[in-house]
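Below is one structure, written out as structure tokens, with a few remarks after it.
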Amino acid sequence: MPELPEVETTRRGIAPHLVGHRVTRLDVHEPRLRWPVPDSVRALENATVASVTRRAKYLLIAVPAGTAIVHLGMSGSLRIATDGSPRRKHDHVEMTLSSGGLLRFHDPRRFGCLLWQAAGDPAHPLLARLGPEPLSDDFDGETLFAATRGRNVAIKVLIMNAAVVVGVGNIYASEALFAAGVRPARAARRVTRAECRRIADAIKVVLARSIDMGGTTLRDFVDSDGEPGYFAQSLAVYGRGGEPCHACARPIVQRVLGQRSTFWCPTCQR
Ligand code: ZN
């Protein structure tokens, strides 16, 4: 599943082909995505793209009349074709650009979406209640500490709650808690202020490192048949159940927590 670093890498990969260019044509070949593609996205046609930004895992393609909201769901990807290559199966939406490029939204499982927010309308319900961006100054050890007070939920479940901080997926939650030395199942209210600081810092570090690694894959967004942007990672605990901890050599433990596979080192994490 594309996580925040993959979505940010996608944004950086496609933005130069969109920003400042006109959408000369929009083809919706399959409107039955997670939610039906609304006719209002037609407002993209003949408009010039002002910006391509990201909020949580949503990509926001802005034109003067409003903003297209794109989510990649479980299996979605965006890429730019400049070579006249034929549309593949599962290329559900195509956006022709005055730059000569063609933006293709590909999504075999169709859990992704393409929605529309008209300029001046209140924030779309999907975006209205999101917590702070993890890499912004609005999220730090103090905001995390405040969010943990009185909460019995496991700290890992809490940091994956988009109302607390957006974009911390299952892999990054396990990795950040290992880096911070805190066990995933610990009740949030029992996590100290100093530990919250370490966790918030670790979330920023693991996400930023992953985005940096994604930067090396940017060329895969143009005229490529491979799956773009989903990069191999060096992970400390995630997916390593039973294997030796890189720090202490004891076996990494794997349990299901909040219905998600969770990995930690019983020695290095308290
Ligand atoms: Zn260890």
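Tell me yes or no: at least one residue of region 114-133 is more than 29 Å from ILE159 (Cα to Cα), touching a Lys or Arg at 6+ places or on another chain (Cβ under 9 Å) and not basic (Lys, Arg).
Checked region 114-133: no residue is more than 29 Å from ILE159 (Cα to Cα), touching a Lys or Arg at 6+ places or on another chain (Cβ under 9 Å) and not basic (Lys, Arg).
Give the residues of region 66-100 that are surrounded by 17 or more Cβ atoms within 10 Å (Cβ to Cβ) and part of a loop (DSSP other than H, G, I, E, B), sorted by residue number.
If the condition is that a residue be surrounded by 17 or more Cβ atoms within 10 Å (Cβ to Cβ) and part of a loop (DSSP other than H, G, I, E, B), then LEU72, GLY73, GLY76, HIS90, SER99 are the ones that fit.
Restricting attention to region 154-168, which residues are in contact (Cβ under 8 Å) with a residue 60 or more places away in the chain and in contact with a strand residue (DSSP E or B) (Cβ under 8 Å, 6 or more places away or on another chain)?
Residues satisfying the conditions are ALA154, LYS156, VAL157, MET160, VAL166.
THR24: β-branched (Val, Ile, Thr), under 30 Å from GLU175 (Cα atoms) and touching a strand residue (DSSP E or B) at 6+ places or on another chain (Cβ under 7 Å), yes or no?
no
Residue under question is ALA232, and the condition is that it be modelled with pLDDT under 95, part of a loop (DSSP other than H, G, I, E, B), out of contact with any strand residue (DSSP E or B) (no Cβ under 8 Å at 6 or more places or on another chain) and not acidic (Asp, Glu); does it hold?
For ALA232, the condition - modelled with pLDDT under 95, part of a loop (DSSP other than H, G, I, E, B), out of contact with any strand residue (DSSP E or B) (no Cβ under 8 Å at 6 or more places or on another chain) and not acidic (Asp, Glu) - is met.
Do you know which residues across region 235-270 are within 11 Å of the ligand (Cβ to nearest atom), assigned to a strand (DSSP E or B) and free of Cβ contacts under 8 Å to residues at least 40 places away in the same chain?
Scanning region 235-270 gives PRO244, PRO251, VAL253.
Residues that are not aliphatic (A, V, I, L, M), at least 3 per element: which helices (runs of 4 or more DSSP H) completely within region 107-194 meet that?
Here the list reads 141-148, 170-180.
Assuming LEU115 fulfils every condition listed in (1) surrounded by fewer than 19 Cβ atoms within 10 Å (Cβ to Cβ); (2) modelled with pLDDT of 95 or more; (3) under 20 Å from the mean Cα position of the chain (by Cα); (4) not β-branched (Val, Ile, Thr) apart from one, which condition is it?
(1)
Give me a count of the residues in region 191-229 that are surrounded by 14 or more Cβ atoms within 10 Å (Cβ to Cβ), modelled with pLDDT under 70 and among the β-branched types (Val, Ile, Thr).
Count: 1.
The values are calculated or read from the model by the stated rules, or taken from the named source; none is laboratory data. Bear in mind the structure is a predicted one, so any value in this text is a computation, not a measurement. FYI the Cβ positions are ideal-geometry reconstructions off the backbone, even for glycines, and counts take in every protein chain you see.
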